[in-house]
Amino acid sequence: MNGGFRVGELEVVNDLSPARWLVEHIHERPLDVGAIVPTGFAAYARLLHPAYEPDPATAARRDLPLAQRRTARRWSEVAAETGAVVHPLVQWERIAPASYTYGDEPATGVLPVDYGTILADFLRWHTTSESCWFGVWRGNQPLLIPDRASTFRLPQREMYLLRGPLSGLVRNLAPEPLRKTVNLCWPEDEAWVLGIDVDLRSTYLAASRRCVTELLDLPGLEAYAVNATDSVTIESDSVNR
């Protein structure tokens, strides 16, 4: 089953059968939530990746990690300053200034470390499994995964399959100083699926109603309930024009 190669706590897997059910429940068109995570779940959530601005107290401290030299900004904070409205289908390009001068824009296709840590601690309470499966888009090079590793194909992406603990959500899969994370994560009991597409500034969760309801109240995240049929394109934001 296993490919014998590891990236940190994650092991590359060559038996692709654990991903077969995903192939049957993630579609190519339309470009909606069901193209990122599987259809058929009771509830769905969208997590907005935070923007960042320099921390005045530590920004000049080059001896500190980047995470300690900047502070997160919610989309709602940016929208309040630009006169935009934050809602479940909001798009960053519609609410941010034409030239974003506060700091770093929300990460595209990469799960922020602080978000990933919060999610890992939360999602472990919504599964009976000890380990998870992870999908990583083969085209998101350079990666620390051998190119010869087996892949499974979703409508939009060709994926490597890895296995490991939930902490693998924030494992860097690229050579430093680049940072790339997994694109899919689901536990062995298939209780939920987390999707981080490389073209989006959001993470999507398919899960039970209880899981999504609790997630929406989780401190430290900016999340909204969505439907599997909600669009994920910039045109989906019909409120901010």
So what are the radius of gyration and Dmax for the Cα set of the chain, in Å?
-> 17.7, 53
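What dipole magnitude, in Debye to the nearest 20, does the chain give about its Cα centre under +1 on Lys/Arg Cβ and -1 on Asp/Glu Cβ?
On the way: 24 positive and 31 negative charges, 66 e Å.
With Lys and Arg at +1 and Asp and Glu at -1, about 320 debye.
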Determine the sum of side-chain charges near Ala72: Lys and Arg each +1, Asp and Glu each -1, restricted to other residues whose C-beta is under 13 angstrom from that of Ala72.
-> -3
Tell me the label-point distance for the pair Thr82, Ser150, using the 7 Å Cα-to-Cβ offset, in nm and rounded to one decimal.
-> 4.5 nm
Calculate one ³J(HN,Hα) per residue across the range 219-234 by plugging θ = phi - 60° into the Karplus curve 6.51 cos²θ - 1.76 cosθ + 1.60, and present them in order as whole Hz with x for glycine and proline.
-> x, x, 10, 10, 10, 9, 6, 9, 10, 4, 9, 6, 5, 10, 8, 4
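Run the numbers on the chain and let me know its relative contact order in percent, using alpha-carbon pairs under 8 Å that are six or more apart. Don't skip to the answer; put the middle values down first.
On the way: 491 pairs, mean separation 77.4, N = 241.
RCO, the chain: 32 percent.
Please give the per residue accessible area of the chain, computed with a probe of 1.4 Å over protein heavy atoms only, in Å².
46 Å²
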Length gained, Phe5-Arg61, 0.36 nm per residue minus C-alpha separation, equals 16.5 nm
Apportionment of accessible area to carbon and sulfur, the chain, percent (1.4 Å) | 51 percent
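The values are calculated or read from the model by the stated rules, or taken from the named source; none is laboratory data. Only a predicted model underlies this, so the values are computations on that prediction, with no experimental measurement involved. We place every Cβ from the backbone using ideal geometry, glycine too, and count neighbours over all the protein chains shown. The area values use the complete protein model at the heavy-atom level, side chains included, leaving out ligands, DNA and RNA. Shrake-Rupley method; radii C 1.70, N 1.55, O 1.52, S 1.80 Å.
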